[in-house]
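The values are calculated or read from the model by the stated rules, or taken from the named source; none is laboratory data. Just so it is clear, the structure is predicted and the values come from calculations on it, not from any experiment. Cβ placement follows ideal geometry from the backbone for every residue including glycine, while neighbour counts extend to all protein chains displayed.
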Amino acid sequence: MENTIKTILIYFKFLFKELISPLNYFMALLIGVVINYFQGIGLFSSMVPFIVPIIVQSLSKASVKFGNRNLNLLVRLPIEKKDPAFVINTDGEIVVSEGKTKELFTKYNVKNFQDLFENQQMKIIKNLINESCTTKAHASEEWYSPRIEKWYSINMKADEFSNNVLVWLDDISLRKKLDERLNKVRNFST
């Protein structure tokens, strides 16, 4: 019962935002004038063509936003994520980064994929990007970033509609350090 009330309140919050939106009133004015004009009566003689569009627009927009509320939350996830998530074009230029990723890239002056993994040859970087674009599959590698001084698992997936590549990195520095220590122990014991 409590969840149902919360859900209804969330819907009313969306509805209220739409009811105070000036754009809805402007559109209702245009629609009302057109309807009254084509009916052959005075432009402002009937209020119904002005009121109904406000109600319909507010309800429909609020319903769409309410229905997409979880998707919008999911879209915000990469902004909140500690590890970098961003979009690059096929040349390796960073197209979009937000939140903590943008802060990190500004701090370390990262403008493109080459800046991030400067120890990798551009040819290898291009091959990874091309592999992601041509196969439309998920490409994955593990590389060290000297600029940020961390190891990352690089995950890429091409977006067929924008000709860009989604990139998300997972910090694996701790795992790499543990692997290195384990190798030292193995070498010491043999």
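For this structure, a couple of remarks:
- Region 162-177, subset surrounded by 17 or more Cβ atoms within 10 Å (Cβ to Cβ) and within 14 Å of the chain's Cα centre (by Cα), residue farthest from Lys82 (Cα to Cα): Asn164
- Annotation note: of Ile5, Ile41, the sole residue that is within 26 Å of Phe66 (Cα to Cα) and either in a helix (DSSP H, G or I) or free of Cβ contacts under 8 Å to residues at least 24 places away in the same chain (or both) is Ile5.
- Test: Val87 is surrounded by 16 or more Cβ atoms within 10 Å (Cβ to Cβ), closer than 30 Å to Leu166 by Cα and in the same structural domain as Ile124 (by TED's automatic domain parsing): yes
- Single unsatisfied condition, Ile20 versus (1) farther than 30 Å from Leu169 by Cβ; (2) in contact with a helix residue (DSSP H, G or I) (Cβ under 9 Å, 6 or more places away or on another chain); (3) not charged (D, E, K, R): (2)
- Filtering region 143-161 to residues that are buried (at least 20 other Cβ atoms within 10 Å of the Cβ) and either closer than 17 Å to Asn127 by Cβ or of a type in the set (S, T, N, Q) (or both) leaves Ser145, Ile154, Met156, Ala158.
- The listed residue being in the same structural domain as Phe26 (by TED's automatic domain parsing) and surrounded by 11 or more Cβ atoms within 10 Å (Cβ to Cβ), out of Gln114, Gln57: Gln57
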